Amino acid sequence: MVQSQDPGSSGREHAMGARQIYMALRDQILGGVYETGSHLPSSRSLANELGVSRTTVTVAYEQLAVEGFIEIRQGARPRVASSLLEQSPSSARLKRAAPVRLSDYGGRLRASPPWPDYLPNALKIDFRYGDLAPSDFPALIWKRAMNAAMAQRPVRLAYDDPRGSRRLRQALQSYLWRARTLSCDLDQIIIVSGSQQGLDLCARLMLDPVDRFVIEDPCYRMARQVFASTGASPVSVAVDEGGMKTELLKGVAARLAYVTPSHQFPLGGVMPIARRHQLLEWARRNDAYVIEDDYDSEYRYDINPVPPLHKLEDRGSVIYLGTISKTLSPMLRIGYLVVPPELQDVFATAKQLLDRHSPVAEQQALALLIESGAYESHVRRVRRLNGERRETLLNALRHRFGDRIAIEGADAGLHVVVWFKELSRSLEAPLIGNARRSGVGIHSISPLYDCETGEGRADQVGLVMGYSALSIQQIEKGVRILLEAVEQVKGEFSETDGRDSGLARGDD
């Protein structure tokens, strides 16, 4: 008899579908309930037993026969196929005896640090960087743009250009000139599924396991990992208020350098013109490429827009990377690369092999927004909203903590870095735990540093605090709870010996 999958009801009390019957019988055969050569109930008797039509049972039996679980003969009850290997009741559930064999790439990924949980959590307030407020999304104009895109019936349903929609690339070509004074040919633009895919394409095409790559320290963690996943070795270069300290590149040989020159992530420095020229000269000498990640250039508050690194060079050594994840939504997965002319064909081929092309309807909708001016209007609106959130966070931090903290990276972007002068780095975990128990998510800067060098890292608690997903009230309440968590940590550890307490001394 086939047992119902719902323990609260029997097979007689509700009808089962053919799929359910098939799965139940398959599991019972694999589990040894029906042994090799044994007979199953006739289709008529099983249909009566389960309260379903005979046709439903016949469909389930036919599927089992097609897959080789049973044998069916006219005028006879079905029986378990004699060719089916006998298994113990638990054998179908046994794990692999041998260790899982992965490629070198898979092994490197398995050895990498675990990623944070991105599933919805119970936190009332989360200062996680990268999230946006749902209320900021232009739902109405996006819906209209998507409807308009879907209403444009294509001549045929076919795979599109792997470089991306021509219409979107034309719109971006004009937008980049208006917003970033960046000039390029249409075929230099490659539409990618978010900036992360853009980085992955660069890693695949530029790096071999014997190579090295230059990267900021601290840096965007997923950039470090995607380049390291190729087997190439990182060369971490410290940053200061002027971004990457390019003078440290002297004598360094590498295939590429990854930088965020317009707003260093996470510390917020802007690379001055002298360092930009120094970086480009290093690339020229090493026949290397520079990946310029312009991830949040739309958000400038106390500084003027900074021209991209791409504008300064004419040798074709800069690959420019942009995204709409910080302006519209990270859920849309639309980004773009501007690659040197000699690389545009190979990038298009790599994109085609990776996923053919990015979703077309979303590309057409974004093109419509850019063409109509709605996109730039939206950017101005969210820049104002995030400017208000930023000001609220800065005022709340200064009011609650005064000169006990130092704040970096507040002139642009969607986050700030906060250093707690009184708390040594060893107290980061207790502080984060205390805050989470009070419903507030805070996030350490430590994972963004090269754990092997440890250079340039202050021995203080450092937090990356995003604010673009929070309301004014949540920001103010979250900072108040953060102060309570800090005081709690200080109280817990001040009872220990001063040398081990984790409290920074005034003369450190």
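The values are calculated or read from the model by the stated rules, or taken from the named source; none is laboratory data. Bear in mind that the values here come from a model prediction, so they are computed numbers and not experimental data. Heads up, the Cβs are rebuilt from the backbone with ideal geometry, glycines too, and the neighbour counts pull from every protein chain shown. Keep in mind that these areas ignore ligands, DNA and RNA; they rest on the heavy atoms of the full protein, side chains included. Shrake-Rupley method; radii C 1.70, N 1.55, O 1.52, S 1.80 Å.
Things worth noting here:
- Lys, Arg +1 and Asp, Glu -1 on Cβ, resulting dipole of the chain about Cα centre, debye, nearest 20: 1540
- Per residue, the convex hull spanned by the Cα atoms of the chain measures out at 235 cubic angstrom.
- Proximity of backbone amide H atoms, modeled 1.01 Å from N, is registered between Leu256 and Val214, Tyr289 at under 5 Å, excluding neighbours fewer than 5 places apart on the same chain.
- Seen from Ser444, the other residues with C-beta closer than 10 Å to its C-beta sum to a net charge of 0, counting Lys and Arg as +1 and Asp and Glu as -1.
- In segment 141-217, a dipole from Cβ-located charges (positive for Lys and Arg, negative for Asp and Glu) runs towards its positive end, and of Gln170, Val155, Gln197 it is Val155 whose Cα lies farthest in that direction.
- Grouping the Cα pair distances of segment 139-209 into 10 Å bins from zero gives a pair-distance distribution of 15, 34, 38, 11, 2 percent in increasing distance order.
- Restricting attention to the chain, the count of lysine pairs at 8 or more positions apart or across chains with alpha carbons under 26 Å apart stands at 14.
- Residue by residue, segment 472-479 carries 3J(HN,Hα) couplings of 4, 5, 5, 4, 5, 5, x, 5 Hz when phi is fed to the Karplus relation 6.51 cos²θ - 1.76 cosθ + 1.60 (θ = phi - 60°); x denotes Gly or Pro.
- Helix axis angle, 374-401 relative to the chain longest principal axis, alpha carbon, degrees: 70
- Highest mean packing comes first when the peptides 332-344, 382-394 are listed by Cβ atoms within 10 Å, giving 332-344, 382-394.
- The residue list Ile370, Gly316, Val346 was ranked by how far each Cα lies along the charge dipole of segment 289-376 toward its positive end, using unit charges on Cβ atoms, and Val346 comes out on top.
- Whole-percent carbon and sulfur share, accessible surface of the chain, 1.4 Å: 51
- Euclidean distance of C-alpha centroids, segment 341-369 and segment 171-207, integer Å: 10
- Here the Kirkwood formula puts the hydrodynamic radius of segment 291-344 at 12.5 Å, using every distinct Cα pair.
- In Hz, Karplus ³J(HN,Hα) per residue of segment 30-40 (6.51, -1.76, 1.60; θ = phi - 60°; x = Gly, Pro): 5, x, x, 4, 9, 7, 4, x, 6, 8, 9
- Note on segment 185-233: semi-axes of the ellipsoid equivalent to its C-alpha gyration tensor, largest first and rounded to whole Å, are 21, 13, 9.
- Vicinal HN-Hα couplings computed from phi for segment 188-197 (Karplus, 6.51 cos²θ - 1.76 cosθ + 1.60; Hz; Gly/Pro x): 7, 8, 10, 7, 10, 7, x, 4, 5, 5
- Put simply, the C-alpha atoms of segment 418-483 give a gyration tensor, and the ellipsoid matching it has half-axes of 23, 13, 10 Å, longest first.
- Charges were assigned to the Cβ only: +1 to each Lys and Arg, -1 to each Asp and Glu. The resulting dipole of segment 316-416 about its Cα centre is roughly 520 debye.
- Overall size of segment 234-369 from C-alpha positions, given as principal axis extents largest first: 46, 38, 26 Å.
- Per residue Cα convex hull volume in Å³ - calculated over segment 103-175: 243
- Each peptide in 108-114, 462-468 was scored by the mean count of other Cβ atoms within 10 Å over its residues; highest first, the order is 462-468, 108-114.
- Candidates Leu482, Thr36, Phe401 compared by Cα position along the dipole of the chain: farthest toward the positive end lies Thr36, with charges placed on Cβ.
- Per the Kirkwood formula applied to alpha carbons, segment 311-411 shows a radius of gyration over Rh ratio, Rg over Rh, of 1.12.
- Surface/4 of the Cα convex hull for segment 141-299, nm²: 11.4
- Label-to-label distance for Glu487 and Thr55 is 7.3 nm, based on points extended 7 Å past Cα in the beta-carbon direction.
- Inter-centroid distance (Cα atoms) of segment 275-340 relative to segment 469-486, Å: 33
- Size of electric dipole in segment 298-351: Cβ of Lys, Arg +1 and of Asp, Glu -1, about Cα centre, debye, nearest 20: 220
- In segment 357-437, the alpha-carbon atoms span a convex hull of 173 Å³ per residue.
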